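What follows is a single structure, written as structure tokens, with notes after it.
Bear in mind that the values in this text are calculations on the coordinates, not laboratory data. In this text the structure is predicted, and so the values were computed from the model without any measurement. Here the Cβ positions follow ideal geometry from the backbone for every residue, glycine too, while neighbour counts run over all protein chains shown.
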Amino acid sequence: MAAGSAGVAPLTIRGAEQITADIVVRRIQSELGGDWPVTGPDGFKAGDASTVVKGIATTAMATLDTLKEAVKANANLIVTYEPSFYGRADGRGQFGVSADDPVLKAKREYIEKNGLVVFRLRDHWQARKESDMVAALAGALGWSRRVKGEDALYEVPAATAAETVNLIRGRLNMRGGLRAVGDRKATIRRVLVHPGFMTPSTMWQRYSEVDMAVVGEVREWENTFYAADIFAAGERRALVTIGRVVSEEPGMRACAEWLKTVASEVPSRWIAAGDPYWRPA
């Protein structure tokens, strides 16, 4: 099956003793619906789609470490949210490293040697009406009270910004990847939860609605210093960035649970890519 195949055939093979990566992906496509164009980001990125699946591992990013953990767990179908090969085109020459790059080659060789199959699932998972990515990140932080409907605004127990940042760091098991801008003494009661990349227009539109925005990543010269200047002007708000991948991890943990209903014949588990940063002593 080609990456991002547009056709989705109905499947009636549930209960089979063995299922291939192709069968699992067709079930995913059927359950999530929508178009799956070959040119889209979602699709097979490495490995043989006809491989019999022993186990499924989801992750926000298929780093070499997460691939090694998957091998230890006897999971050979990797479902990743972000690209695996350092560029939007997943190592195919556009917005990424050269095909001859030694790191890229070593990663591909490891995948081949261990019989792994890598499938990217981003757009269609993000588009689910249940808003798993937002709800899962908020849930990981202990927040469940939405201001309204499926929006990303949450009412949280009142605490200072510094206390809220410490809670975030502990709940997400972060090391050096967390950054905070704004008034550390401000009282935080309403938070915008935004996993992944937050555009400047989203921040400019919504920052005034909350005491704190908790996001994956931003462009520093647009969002971060906007928040810094708001603070300098006397506004008691805060911006916290936790890293794009870290912010997406809870959503992919939810994806592993969902996949248990899609491919019940094999185990599904989540493997964290984790916070890659460290702080100097």
Could you work out the Kirkwood radius for the stretch 132-245, taking every pair of different alpha carbons, averaging 1/r and inverting it, reported in Å?
13.8
Quick one: length gained pulling Lys260 to Glu209 fully straight, 0.36 nm per residue minus the C-alpha distance?
14.6 nm
Everything considered on the Cα gyration tensor (a ≥ b ≥ c; rounded for a/c under 1.5, else prolate if a/b is larger than b/c, else oblate), the stretch 212-281 must be described as prolate
Taking 2.2 N^0.38 Å as the expected size of a compact globular protein, what ratio does the Cα radius of gyration of the chain give against it, to two decimals?
1.06
Per residue of the stretch 245-259, in order, report the coupling 6.51 cos²θ - 1.76 cosθ + 1.60 (Karplus, θ = phi - 60°) as ³J(HN,Hα) in whole Hz, putting x for Gly and Pro.
5, 4, 5, 9, 4, x, x, 7, 5, 5, 5, 4, 5, 5, 5
Can you tally the net charge around Tyr207? Count Lys and Arg as +1, Asp and Glu as -1, for every other residue whose Cβ sits under 13 Å from the Cβ of Tyr207.
-1
Dipole-positive endmost among Ser208, Ile188, Leu172 within the stretch 170-233 (Cβ charges, Cα centre):
Leu172
The whole-number value in µm²/s of the Stokes-Einstein translational diffusion coefficient for the stretch 21-126, with Rh from the Kirkwood sum over alpha carbon pairs at 20 °C and 1.002 mPa s, is 154
For Phe197, residues with placed amide H under 5 Å, excluding near neighbours:
Glu217
Relative contact order for the stretch 132-245, counting Cα pairs under 8 Å that sit 6 or more residues apart, in percent
27
Skipping prolines and chain starts, which residues have an amide H placed within reach, meaning under 5 Å, of the one on Ala46, given they are 5 or more residues away or on another chain?
Val118
Which one of Ala62, Ala99, Ser30 is farthest out on the positive end of the charge dipole of the chain, using unit charges on Cβ (Lys, Arg +1; Asp, Glu -1) and the Cα centre as origin?
Ala62
Loop only per DSSP, at most 16 neighbouring Cβ atoms within 10 Å: give me the GluC sites (Glu not before Pro) in the stretch 193-245, ordered by residue number.
Glu235
With a point put 7 Å past each Cα toward its Cβ, work out how far Ala158 is from Ala99 in nm, to one decimal.
6.2
